[in-house]
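Trainee: Quick one: structure below, then a few questions.
The values are calculated or read from the model by the stated rules, or taken from the named source; none is laboratory data. Source: prediction; values computed, not measured. Positions of Cβ are backbone-derived with ideal geometry, glycine not excepted, and every protein chain shown enters the neighbour counts.
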Amino acid sequence: MELFTNWHTWEQAEPGLAGHLPPETVRRVCRAVDFAAAWHGDQRRPTGAPYLEHLLEAVEVLVRGAAVARPSVLVAAVLHDVLEDTPCAPGAITQEFGPAVTDLVRWVTIPAAAPGQGKADVKEAYLRALRHAPAAAILVKLADRASNVQTLRNLPDARARAYYAQTVRFIIPLASGEPWFARWYAQWQAEFADLAA
């Protein structure tokens, strides 16, 4: 299974992007990285790594792995957590990057729980609804989850098992229409199959 953990900083990501994408697309992704970094600030992943690493991994999956070059998808991948994890409003994304990017980010944002709703129920409903998402939003979600699950063993065992089961149930079916992602997730599932036990 190929890992996508080489781009920890923009300085590492930029040369890799430049080898695959037109200069204007690289500039747009750079703007998105600056925007995301400003909103996410010093947030960290559960592993303790800077949050920006996760966003760059998602872009690395799309560019180096799935050969995605569409600017709106790459920008949305960088911004995919700003609505969910920061006070950023959709209008700020639209003003900076346009409504198409905002729409993609909305699709991959877990909504806040309403009064009386359980967080787990809201997340499951969101994951079920992704099957109705446009193909571009599914690409963003597949890259987001690939970044998270490629190093699943870094999580505590119970959490890793739950995340494995959730990925198999909801995310792998989304990959069926994307040949590269279908192959990658099949390899991933086989490599982490012990977590299903």
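Trainee: Scan T9, T25, T109, T102 and give me the residue that is among the polar types (S, T, N, Q), in contact with an Asp or Glu (Cβ under 9 Å, 6 or more places away or on another chain), at negative phi and at pLDDT 95 or above.
Mentor: Numbers: T9 fails: at pLDDT 95 or above; T25 fails: in contact with an Asp or Glu (Cβ under 9 Å, 6 or more places away or on another chain); T102 fails: in contact with an Asp or Glu (Cβ under 9 Å, 6 or more places away or on another chain).
Answer to the check: T109.
Trainee: State whether the residues of region 24-37 include one that is among the hydroxyl-bearing types (S, T, Y) and closer than 21 Å to W180 by Cβ. Can you show your working first?
Mentor: Filtering region 24-37 for residues among the hydroxyl-bearing types (S, T, Y) gives 25.
Okay, now just the ones that are also closer than 21 Å to W180 by Cβ, so 25.
Yes.
Trainee: On the basis of being farther than 23 Å from W184 by Cα, out of contact with any Cys (no Cβ under 8 Å at 6 or more places or on another chain) and surrounded by fewer than 18 Cβ atoms within 10 Å (Cβ to Cβ), does G16 make the cut?
Mentor: Numbers: farther than 23 Å from W184 by Cα: no; out of contact with any Cys (no Cβ under 8 Å at 6 or more places or on another chain): yes; surrounded by fewer than 18 Cβ atoms within 10 Å (Cβ to Cβ): yes.
So G16 does not fit the description; no.
Trainee: Among the listed residues G48, G65, G116, G98, identify the single one that is over 15 Å from the mean Cα position of the chain (by Cα), closer than 22 Å to V149 by Cβ and of a type outside the set (S, T, Y). Quick ask: steps written out before the conclusion?
Mentor: Working: G65 fails: over 15 Å from the mean Cα position of the chain (by Cα); G116 fails: closer than 22 Å to V149 by Cβ; G98 fails: closer than 22 Å to V149 by Cβ.
Exactly one residue qualifies, and that residue is G48.
Trainee: Which residue out of A112, A186 is surrounded by 12 or more Cβ atoms within 10 Å (Cβ to Cβ) and of a type in the set (A, V, I, L, M)?
Mentor: Values: A112 fails: surrounded by 12 or more Cβ atoms within 10 Å (Cβ to Cβ).
Being surrounded by 12 or more Cβ atoms within 10 Å (Cβ to Cβ) and of a type in the set (A, V, I, L, M) holds for just one of A112, A186, which is A186.
Trainee: Follow-up question, since we're still on this one. Filter the helices (runs of 4 or more DSSP H) completely within region 76-186 down to those with at least 2 residues that are in contact (Cβ under 8 Å) with a residue 12 or more places away in the chain, among the polar types (S, T, N, Q) and within 18 Å of A58 (Cα to Cα).
Mentor: On the way: elements: 82-85, 90-97, 99-107, 119-129, 135-149, 157-166.
Qualifying helices (runs of 4 or more DSSP H): 135-149.
Trainee: Sticking with this one: What are the residues in region 36-47 that are assigned to a helix (DSSP H, G or I) and at positive phi, if any?
Mentor: Here is the first cut: in region 36-47, the ones assigned to a helix (DSSP H, G or I) are 36-40.
Hits for region 36-47: nothing passes.
Trainee: Mind listing whichever residues of region 48-73 are modelled with pLDDT of 95 or more and outside any helix (DSSP H, G or I)?
Mentor: Answer for region 48-73, where residues must be modelled with pLDDT of 95 or more and outside any helix (DSSP H, G or I): A66, A67, V68, A69, R70.
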